[in-house]
Amino acid sequence: MVSSEEMRALREQRRGPVVRRQSQMQAGTTDQHLLDTRGTADWVHEDPFRVLRIQSEFVEGFGALAELPPAISVFGSARTRPGSTEYEAGVAIGRGLVEAGFAVITGGGPGAMEAANRGAMEAGGVSVGLGIELPFEQGLNPYVNLGVDFRYFFVRKTMFVKYASGFVVLPGGLGTLDELFEALTLVQTKKVTRFPIVLFGSAYWQGLVDWLKGTLVSEGKVGLHDLELFHVTDDVDEAVTLVTKEAGA
């Protein structure tokens, strides 16, 4: 007669922290699978391997950015046209941030991101671009002098927050709104130390501000004091002053 201990041993397989029983047991050992050169390469597309890629992206990002001076993340549309008023404002903001003693971090793409990187580089500062793998290839703009490319949005977004002392948000689309509301949420919930968020371009942002006040505040979804988490301005010098004064370069 087989004892309960023997039955348990027959029906249980341990591989590191993973326990498999009965029909979930697998043939062979972990080392055997590692060293076996036969079979498909499907494993490079499976979740356990993706975890290693994610880990490597964090390691590369932390390593590349660890020695940055105080920095400000600047967000804005990739579709902003060179030579436009918005583009020139981005250049001026990038330049002003460097002159105030800060590095500039952007998503590394064209448009408003390129503008801020351009201003930073032309002022002799550290101009960081955190690129992202997209179906349509963008690549880092030529005004980035320290660039890191990422596969995963959430790793990239961690870098934007971890190495920034504040945010300047130029007019932009869904990606810009995503970064803005994540930053606001992190500050509101005290997941990060409070830091300044400046929205540049009152005509562009006023509709959003009115909606926040007229809908979210009026229906009790956020408090009136939550609107104090950001500033709105049309003045480049004021934007730089607000974000650098509170950040304390």
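The values are calculated or read from the model by the stated rules, or taken from the named source; none is laboratory data. Fair warning: this is a prediction, and the values are worked out from it, not measured in the lab. Note: ideal-geometry Cβ built from the backbone for every residue, glycine included; neighbour counts use all protein chains shown. Heads up: the accessible areas ignore ligands, DNA and RNA and are worked out on the full protein's heavy atoms, side chains in. Shrake-Rupley method; radii C 1.70, N 1.55, O 1.52, S 1.80 Å.
Odds and ends about this structure:
- Per-residue HN-Hα couplings for region 186-193 [Karplus 6.51, -1.76, 1.60; θ = phi - 60°; Hz; x = Gly/Pro]: 5, 6, 4, 8, 6, 6, 10, 4
- Using the Cβ-Cβ distance between Val59 and Glu122 with R0 set to 25 Å, the FRET efficiency from 1/(1 + (r/R0)^6) comes to roughly 0.20.
- Theoretical gain in end-to-end length, Lys213 to Arg20 [0.36 nm per residue, Cα-Cα removed]: 64.1 nm
- Ranked by solvent-accessible area (1.4 Å probe, protein heavy atoms only, all chains present), the residues Tyr143, Tyr87 order from largest to smallest as Tyr143, Tyr87.
- In Hz, Karplus ³J(HN,Hα) per residue of region 114-121 (6.51, -1.76, 1.60; θ = phi - 60°; x = Gly, Pro): 4, 4, 5, 4, 4, x, 5, 5
- Carbon plus sulfur fraction of accessible area for region 200-249, probe 1.4 Å, in percent: 54 percent
- Using θ = phi - 60° and Karplus 6.51 cos²θ - 1.76 cosθ + 1.60, couplings along region 176-183 (whole Hz; Gly, Pro as x): 5, 5, 4, 5, 4, 6, 5, 4
- Largest to smallest in accessible area, the residues Phe200, Phe167, Phe58 fall in the order Phe58, Phe200, Phe167 (1.4 Å probe, all protein chains included).
- Count, lysine Cα pairs under 22 Å in region 98-234, 8 or more residues apart or across chains: 8
- Averaged over its residues, region 100-249 has an accessible area of 47 Å² per residue, based on protein heavy atoms and a 1.4 Å probe.
- Distant-in-sequence amide H partners of Ala103 (H built 1.01 Å from N, under 5 Å): Ala71, Ile72
- Across region 71-117, the mean sequence separation of Cα contacts (distance under 8 Å, 6 or more residues apart), normalised by length, yields a relative contact order of 54 percent.
- Once both labels are positioned 7 Å from their Cα atoms along Cα-to-Cβ, the gap between Asn145 and Gln188 label points is 3.8 nm.
- When the residues Glu182, Glu46, Glu133 are ordered by accessible surface, computed with a 1.4 Å probe over the protein chains alone, the sequence from largest down reads Glu133, Glu46, Glu182.
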